[in-house]
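J.: What follows is a single structure, and I will ask about it in a moment.
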Amino acid sequence: MTAARTFAIVRKEFIHIRRDRRTLALIFLLPFIQMVLMGYAATTDIKNIGTVVLDGDRSAESRNLIRAYQATGYFDINYHVDSEAEMTALLDRGAVRAALVIPAAYGQHLLAGETVDVGFIIDGSDPTVANSIRAAALQTGQAQRRALAAGGGGLEVRPSIWYNPGLESVNFMIPALMGMIMQFLATMLTSIAIVRERELGTIEQLSVTPIRPVELVVGKTLPYVIVSFLGLVEVLLIGVFWFRVPINGSVSLLLALSSLFLLGSLGIGILISSLASTQQEAMLVSFLIMLPSIFLSGFFFPLEAMPWALRMLSYLIPLRYMLTIIRGIVLKGVGMAALQSEVVILATFSVFILILASIRFRSNIA
C-alpha cells in the first residue's frame, strides 16, 4: 500500500461525489431537515389543548371557571355543547383532547358554601399529552379552590381518562408503527424497484413492447402493494398477540382504509422513481420524505406542542390523517362517521398523487 495510490483513489471518489450533484445536495439537505424538525418538533411542552365545555349550569360562577381554564394558556376552549353525545362525538373524532363538565346547580352549591365535583375528561390516546392535560387541569382546579375558599365554597376537579385508561404508551405507539411501516415499505420498495429497472435498461426495453404505461405501473407496483399489506397485517398481529394492544373497532374497516393509504404511498414511490436516476438517490429522497412524515404527523411528538408554522405544514402530511384513523379505530373503536374528514382528505391525496405520478412516469418512458 502506497500513499500515492491511496490518494489517487480518494481523489477519484471526491470527483465522483462532486459530479453527482443531486446526491450531494441530498446528503447535506438531510441533516439540515433533521436538525430543524428535531429542534422545533421534538418538544412535549403542551399548550392550546383543544377543549370542549359541557356547562350544565350556565351561571356566572360556571363562566368564571371556564375563563380560569382558558386563561391558563393550556386549554383552547373552542367548543360548547349541550349534551354528552355531542361531547363524546368531538372526543371520538379527535377534534378535542379534553372536556370540562360542569354539573347543574354548580353556582348554587358554591354560594351555599358546599364543595362541588367538576368532571374533566381526557383523551388518553397519547399518554404524554394526557399526563400534561391532567396535571394542568388539577393545577387550575386547585388555584380555583383556593380562590373560592374565602367565600366558603369548594371545588374538586375529577379527571377521567378515556380510550387508554392505563396510559399505556404501547397502545399509542403500536398503531402509529402500523402507519409508518406501511408508508416506508410502499414508498421505498416501489421507488427502488422502478429505478433499478431503469439502471439495468430493462424499462426502456419494456417501453417498446405492446405493454402500456399503466399496465407497466400496475405490474411493477402490485407485488409491493401485497408485500406492504402483508407488512401491515404482520404488525397488527404482533401488536395484538405480543404487545396485547386491544383493537376496539372494526378490523375490516382498518384494513380497507389502510389500503387507501397504501395507494397514496405507492404513488409517492412512483413519483420518486421518476425524479431519481439511481437507487441511492431514490433511497435518499425516500428518507427525505419520511422525515417530515415521522416528525410532523404526531407519530412521536404532539402536534399541539409544535410552533404554528409546523402545525400548518403537518396538514400536508398524509401520515397525520392515517394515524388519526388507525388510533381512532384501534383505541377509540370509532367508525366511518367519526373519520369522514380524514378519509376524504386521504382519498383526495391518493388520487392526486397517483395521477401526478402516472403523468411523470409516462413522460419518462415515452
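J.: Sort Glu197, Glu156 by Cβ crowding within 10 Å, fewest neighbours at the top.
T.: Final ranking by Cβ density, sparse to dense: Glu156, Glu197.
J.: For the stretch 74-125 and the stretch 240-265, write down the distance between their C-alpha centroids in whole Å.
T.: Each part reduced to its Cα centre gives a spacing of 31 Å.
J.: For the residues Leu185, Leu91, Leu200, what sequence is obtained by ranking on other C-beta atoms within 10 Å, fewest first?
T.: By the 10 Å Cβ count, ascending, the order reads Leu200, Leu185, Leu91.
J.: Still on this model: State the antiparallel share, in %, of DSSP beta bridges confined to the stretch 49-162, rounding to the nearest 5. Working shown, then result.
T.: Numbers: 4 of 24 bridges.
Counting only bridges with both partners in the stretch 49-162, antiparallel ones make up about 15 percent.
J.: Okay, moving on. So for Met182, Met283, Met312, fewest C-beta neighbours within 10 Å to most, what's the order?
T.: Fewest-to-most Cβ neighbours within 10 Å comes out as Met312, Met283, Met182.
J.: Taking just the alpha-carbon atoms of the stretch 49-162, what radius of gyration and Dmax come out, in angstrom?
T.: That works out to 13.3, 41 Å for Rg and Dmax.
J.: Determine, from the Cβ-Cβ distance of Ser277 and Arg58 and an R0 of 51 Å, the FRET efficiency 1/(1 + (r/R0)^6), rounded to the nearest 0.05.
T.: 0.20
Taken together, the values in this text are just the output of simple stated rules run on the coordinates, not laboratory data. Because the structure is predicted, anything quoted here is derived from the model rather than measured. Ideal geometry is used to build each Cβ from the backbone, glycine not excepted, and the neighbour counts take in all protein chains shown.
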